[in-house]
Amino acid sequence: MSHSSHKIGTKFIHAGTVPDPSTGAIMTPIYQTSTYVQEAPGVNQGYEYARSQNPTRKALEDALATIENGKHGLAFGSGVAATDAVIKLLSPGDEVIAANDMYGGTYRLFTKVFAKFGIKFTYVDTTNPQNVQNAITPQTKLIWIETPTNPLMNITDIAAVASISKAAGTILCVDNTFASPYLQNPLDLGADIVMHSATKYLGGHSDVIQGALILNDDQLREQLYFIQKSCGAVPGPMDCFLVLRGIKTLHVRMKQHCENGIAVAQFLRNHPKVDKVYWCGFTDHPNHTIAASQMRGFGGMMSFTLKDDSMEAANKVLTNTHLFALAESLGGVESLINHPASMTHASIPREERIKNGLSDGLIRLSVGIEDADDLIADLDAALNK
Ligand SMILES: *Cc1c(COP(=O)(O)O)cnc(C)c1O
């Protein structure tokens, strides 16, 4: 049963899983094996070697496809491994148009690893789709966007960029990590590939590193599967099991992330020590209209600056929260606080960061699913220190 016709909660719970054919186990077992015994050379049940196929991974990949309304899912050992696989579709001389405000590790992979293989990356402000249009050349093969962006919560109009990409005959890949499939489904808006760091909301419990690609095109799926097995960045079966389990509660967690997100964003906006709050749910956020039209809610990610935009003032907040743990990553049930300039985005040169509006004093929050009143009290105490 595909479950694609069901409502979101039913879909998330049943996606990809069927009772195990050998025992009836309701949860897909962790097939911790490297190989599969063959009856005769080449006579097998579709499983030969675990880099190429694993039943736990297969269940997860089917689930990933279902929850993003796609036909095919592919799981990778990390989010950056999934990104790496997409860039390996390209050849020297090909060009990529990428957002100028995205996850630091994506920027590092593009500039420090792939640029030296002769792939050219052009970074534009994708919040204005015209900038994407203007950057297209006959060599452009791929457009890479992230929305909402990390950490400034900028929004790109996926449908508008998808139609530019279609007209130009390029592939559009959307990093949907921040929104999660609960809030946004880029394939429905015309994207060709959706990428996730499953480490974040899909896993949801800060206990696994994993990445995912979801797509519709059969030929593109064959190419990416070939890269997955040839380059070998596959996740282990235990990690696949954890993400499969995480997906079952994604809708329940996301509802609470959204509710807490609204409460914390409003609290910050009204706090006398806070200057700007970056959260796409505010009606005066520059891209709010697009956010409201392509997302089902605004999630629990936000950033803010203090009126005193010094490192010292930011440090005081960063080191004085008790519920918000000072850590990289996001999307888990527990709240995290982060300093992009020195942590998640330290791989971006300061000059580039500042140019893109990511100031030294910016603080990022991943609002978890604890009780909102406790989270607000924790932030209030740290801000008033
Ligand atoms: C974390 C993250 C990645 C990288 O994923 P890993 O699982 O850490 O390799 C990519 N994009 C975004 C938006 C992320 O937050």
- Note on the structure: What the 5 Å binned alpha carbon P(r) of the range 94-193 shows, as percent of pairs per bin from 0, is 3, 14, 27, 26, 19, 10, 2, 0
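Considering only DSSP beta bridges whose two residues both sit in the chain, what percent are antiparallel, to the nearest 5? Mind showing how you got there, number by number?
Details: 22 of 41 bridges.
Antiparallel bridges make up about 55 percent of those DSSP assigns within the chain.
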- Task: Determine which lysines satisfy two conditions relative to Lys385: a Cα distance under 17 Å, and not lying fewer than 8 residues away in the same chain.
- Result: Lys273, Lys307, Lys316
- Which whole-Hz couplings ³J(HN,Hα) result when phi for each residue of the range 275-282 is put into the Karplus expression 6.51 cos²θ - 1.76 cosθ + 1.60, θ = phi - 60°, listed in order with x for Gly and Pro? 8, 9, 10, 9, 7, 6, x, 5
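Determine the sum of side-chain charges near Lys166: Lys and Arg each +1, Asp and Glu each -1, restricted to other residues whose C-beta is under 13 angstrom from that of Lys166. All intermediate terms of the calculation are to be shown ahead of the outcome.
Values: positive: none; negative: Asp192, Asp217.
Surrounding charge for Lys166 is -2.
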- C-alpha center-to-center spacing [the range 213-247, the range 314-361] in angstrom: 30 Å
- Qualifying trypsin sites (Lys or Arg not before Pro) in the range 7-53, DSSP loop, other Cβ atoms within 10 Å at most 10: Lys7
- Using θ = phi - 60° and the Karplus form 6.51 cos²θ - 1.76 cosθ + 1.60, what ³J(HN,Hα) does each residue of the range 30-37 get, whole Hz, x for Gly and Pro? 7, 7, 7, 9, 9, 8, 9, 6
- At q = 0.09, 0.12, 0.23 Å⁻¹, what is the base-10 log of I(q)/I(0) for the range 1-116 according to the Debye formula with one equal point scatterer per Cα and no solvent? Please give it to two decimals. -0.39, -0.65, -1.24
- Message: In whole Hz and in residue order, list the ³J(HN,Hα) couplings for the range 103-110 that follow from phi through the Karplus curve 6.51 cos²θ - 1.76 cosθ + 1.60, θ = phi - 60°; x for Gly and Pro.
- Response: 3, x, x, 5, 4, 5, 4, 5
- Query: In the structure shown, do any of Lys112/Lys200; Lys120/Lys248; Lys141/Lys255; Lys71/Lys120; Lys11/Lys112 have a Cα-Cα gap over 32 Å, and if so which?
  - Reply: Lys120/Lys248; Lys141/Lys255; Lys11/Lys112
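In Å, the Kirkwood hydrodynamic radius of the chain over pairs of distinct alpha carbons? Working shown, then result.
Working: mean 1/r = 0.0467 Å⁻¹.
Taking every pair of different Cα atoms in the chain, averaging 1/r and inverting gives 21.4 Å.
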- Query: Whose amide H sits under 5 Å from the amide H of Leu306, counting only residues 5 or more places off or on another chain, with H placed in the peptide plane?
  - Reply: Asp275
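Over all distinct Cα pairs, what is the inverse of the mean 1/r for the range 116-249, reported as the Kirkwood hydrodynamic radius in Å? Provide the component values of the computation, followed by the final result.
Numbers: mean 1/r = 0.0623 Å⁻¹.
Taking the inverse mean of 1/r over all distinct Cα pairs, the range 116-249 comes out at 16.0 Å.
Given a cut-off of under 8 Å on Cα pairs at least six residues apart, what relative contact order in percent is computed for the chain?
Numbers: 789 pairs, mean separation 65.1, N = 385.
Worked out over the chain, it gives 17 percent.
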- With the other protein chains left in place, how much accessible area per residue, in square angstrom, belongs to the chain at a 1.4 angstrom probe? 42 Å²
- Go ahead and estimate [θ] at 222 nm for the chain from helices alone: -39,500 (n - 2.57) per DSSP H run with n ≥ 4, summed, over the residue count, rounded to 500. -10000 deg cm²/dmol
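What is the range 251-383's relative contact order, in percent, from Cα pairs under 8 angstrom and six or more apart in sequence?
Numbers: 217 pairs, mean separation 39.4, N = 133.
With pairs under 8 Å counted, the relative contact order is 30 percent.
The values are calculated or read from the model by the stated rules, or taken from the named source; none is laboratory data. Since this is a predicted model, take the numbers as computed values, not measurements. FYI the Cβ positions are ideal-geometry reconstructions off the backbone, even for glycines, and counts take in every protein chain you see. We work out accessible area using only protein heavy atoms, side chains counted, and drop any ligands, DNA or RNA first. Shrake-Rupley method; radii C 1.70, N 1.55, O 1.52, S 1.80 Å.
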